[in-house]
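Contents: one structure, followed by commentary.
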Amino acid sequence: MEIVDNHYFNKEEEAWLKQKGEVKDVSKHLFHIIEQKDEVLNDTFTLTEEVLNLLERKEIFRYRDKVSDFNVEVKKRLGPVCWNEIMSIFNRKLNTGKVIRKEDEKFLTELKKVLNSVNMITDEFELLFRMKRNSNNEFYQKKMKTLD
């Protein structure tokens, strides 16, 4: 009877060890699937971030085009000589941080007249100028990276 019990016990232990090995294999497989899922989720988040950044840039480019259209109209109303002086004034201010000079006043007065007709002040114009310039810089930096 003892031999039969031992044989039965050995068969039961053997089945249990086999089942334990299968569970271990299944656990490893599940762990691998979870790691893959985490990688996919991380890639999805990264891709979503990149898409959102591209959409944000696209939005900036849309505004950049609107600012360009506005500038064309301002240039037309000021005339090319005055417009070039205005661009020089704001470029100088941005590049050197220097305040506006006395000889710039007559050109700025003309700009103020044009801006006043659309309820805008020179500070707002300067903000648009800066935004356009930053957008252009970003665009051309990206373009140069693409060419590399």
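When the chain is fully extended, how far beyond the present Cα-Cα distance does Glu12 get from Lys93, taking 0.36 nm per residue of separation? Intermediate results must be reported in sequence, preceding the final value.
Numbers: separation 81, 0.36 × 81 = 29.16 nm, distance 8.81 nm.
Taking 0.36 nm per residue and subtracting the Cα distance, the gain is 20.3 nm.
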Check: Quick one: net charge of Lys113's neighbours, Cβ under 12 Å, K/R +1, D/E -1?
Finding: +2
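No lab work stands behind these numbers, since they all come straight from the coordinates. Small disclaimer: the values here were computed from a predicted structure and weren't measured. FYI the Cβ positions are ideal-geometry reconstructions off the backbone, even for glycines, and counts take in every protein chain you see.
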